[in-house]
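Step one of this worksheet: look at the structure below.
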Amino acid sequence: MPTDSARLHAVFDLAMRIGEGLLTNGAAASEVTATVLRVTSSSGLRNVSAQVTFNEVTISYLADESATPFTRVRSASDRVQDFARLAAFEDISHGYLSGELSLDEARRQAGAIPQRQPLYRIPLVVSGFGVMGGSAALFFGAGSLVVIAATISAGLLIAISELLARWNIPPFYSQVLGGFVAVGGAVLVALINSSVSPSIVVVSCIIVQLAGLSSISAVQDAVTGWYVTAAGRILETLMLTVGLVAGVRGGLLLAEMVGADVSVSAAMPLNFTTAVVVVISGLGMGLGYGVGTQVPARLLLFGALVASGSGIIAHLLSGVLLDRTVAVAVAASGTGLVATVLGDRLRAPALAFVMAGVIPLVPGSLIYRGLLGLGDDLGTGVAELLSAAEIAVAIAAGVVLGQLLASRLMPYFRRSGIAYTPAISSPFTTMRRRRISLGSGRIRRRRGAPMIEPSTMTGEMTALSSAMFDDPSVLEDLEPPSDLEGGTERRSDREE
């Protein structure tokens, strides 16, 4: 195999591995596409097209108009919640783009990531989600009995989910069992002491089960125009939510059989005097979720602070505006903005902070009220569920808006280096379209230091093989975009 052909295979292999890793761990389609194109362009390959769908990454390279396209397709594996792996893939892509990693070393590291042992073992993961469930119960003002029951129930449903995943059982059924376990915990609390709001156990478990769904990335893909990927993710979220609803409804039938009262009590609403409890419970939810989703230890505290901050903001604004949807949207926007800034400063995936920050905003109580209403008054139940859906959309749209603003503002404050800010843009598939969609791609200089925008092609040629320059016919295709060289862009690059 010729050296340049081997090089081409190696570059595509690296791009596909990184693209699959990002897609599997919940990155938006625009971010996956942008990263893949950055990898190929920094290797000197132009005329590369990348396509990302719900579970597949396709890359195609056309050397010239008379050549045969070189195309590779890679299917993404099952969705996982492992932010340590997501951070590792981002580190590899940025290390390769900056020239710190050679092509062979980047491929070796990318291939080793799926084989790594998890950062935290299963017992610690289960404990983390258990703490998250107990903190969610505390967030609603529950007493010690309910907090303990919520902690145990949340940990149990996560343990069941992990066991079913090892048996290759579809996650829909783990959601069903999780909803049943949640109501079962509430029934036990009601039998022990029905005056301590057992329904909070169910609400806490609903929050735990819904926190990891891909609704944020789904809405981001939808509002930015990546409709194919958005449709797949929205359908996945819908099916898993339906599974949860089925499990809770089955549990409610059990509660009626044993005569346990698990209806929503008046103790659930919060007031201003509970602000300290909201802050503490937010810290617990963020920390527990971080451990459960393999967030690196150096980022755990920051994720917990983001969760606490979003919770207290939504809590205070709800009391002032008397409109939960507006309050949640404002808190979600702040979460997206802060998460993007933290991700860039800490050189970490912003998605880890985003997912932690939206946990206190999940409308678990509305979902549970809706499920209860379906059995008593269909109209009331549907209205509650529609209100929950409205808040869910407000959360996702607010987060995307915050990330969009931050990603556009951060380049003006960054002194050097390649950005870790997410790429949020309308659909693009090639370098030329990407420059049109995301900006001119020019290197800005401020205070004497080069500033690379998050949307630029780096123009780095560090990963090129010298053998590729032996054939003059491919030199034109290997040239970096002229706008990165300070010249005038070729007419062929401007035509679309």
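Bear in mind these aren't lab numbers, they're just calculated from the coordinates by the rules spelled out. No experiment lies behind these values; they were computed from the predicted model shown. Don't worry about glycine lacking a Cβ; one is built from the backbone with ideal geometry, like all the others, and counts go over all protein chains shown.
Counting other Cβ atoms within 10 Å as a rough exposure proxy, the listed residues Arg17, Arg408 run Arg408, Arg17 from fewest neighbours to most. Would you please classify the overall shape of the stretch 122-411 from the alpha carbon gyration tensor, given that a ≥ b ≥ c denote the square roots of the eigenvalues, rounded means a/c under 1.5, and beyond that prolate means a/b larger than b/c while oblate covers the rest? It is rounded, given that a/c, with a ≥ b ≥ c, falls under 1.5. Across the stretch 122-411, the relative contact order, built from alpha-carbon pairs under 8 Å that are at least six residues apart, equals 20 percent. In this structure, the amide hydrogen of Glu56, modeled 1.01 Å from its nitrogen in the peptide plane, lies closer than 5 angstrom to those of Ala76, counting only residues at least 5 positions away or on a different chain.
Let's see if you can work this out: charge +1 on each Lys and Arg Cβ, -1 on each Asp and Glu Cβ, no other charges. What is the dipole magnitude of the stretch 122-411 about its Cα centre, in debye to the nearest 20? Dipole magnitude for the stretch 122-411 comes out near 720 debye. Near the amide H of Ala63, within less than 5 Å, lie the amide hydrogens of Phe70, all on another chain or at least 5 residues away, with H placed in the peptide plane.
Size check on the stretch 1-71: the Cα extents along the three principal axes, sorted descending, read 36, 22, 19 Å. Ranked by the mean number of other Cβ atoms within 10 Å per residue, highest first, peptides 355-362, 115-122 order as 355-362, 115-122. The ranking of His9, His315, His94 by Cβ neighbour count inside 10 Å, starting from the fewest, reads His9, His94, His315.
Computed 3J(HN,Hα) for the stretch 27-37, one whole-Hz value per residue from the Karplus formula 6.51 cos²θ - 1.76 cosθ + 1.60 where θ = phi - 60°, is 5, 5, 4, 5, 5, 4, 4, 4, 5, 4, 5, glycine and proline marked x.
For Thr429, the residues whose modelled amide H falls within less than 5 Å of its own, excluding neighbours fewer than 5 places apart on the same chain, are Arg434.
Converting phi to 3J(HN,Hα) with the Karplus coefficients 6.51, -1.76 and 1.60 and the offset θ = phi - 60°, the stretch 140-156 yields 8, x, 6, x, 4, 4, 5, 4, 5, 5, 5, 4, 5, 5, 5, x, 5 Hz in sequence order, with x at every glycine or proline. Karplus-based coupling profile of the stretch 38-47, in residue order and whole Hz: 5, 5, 5, 6, 5, 8, x, 8, 9, 6, with θ = phi - 60° in 6.51 cos²θ - 1.76 cosθ + 1.60 and x standing for Gly or Pro. Each residue in Arg324, Arg347 was given a count of other beta-carbon atoms within 10 angstrom of its own, and listing them fewest first yields Arg347, Arg324.
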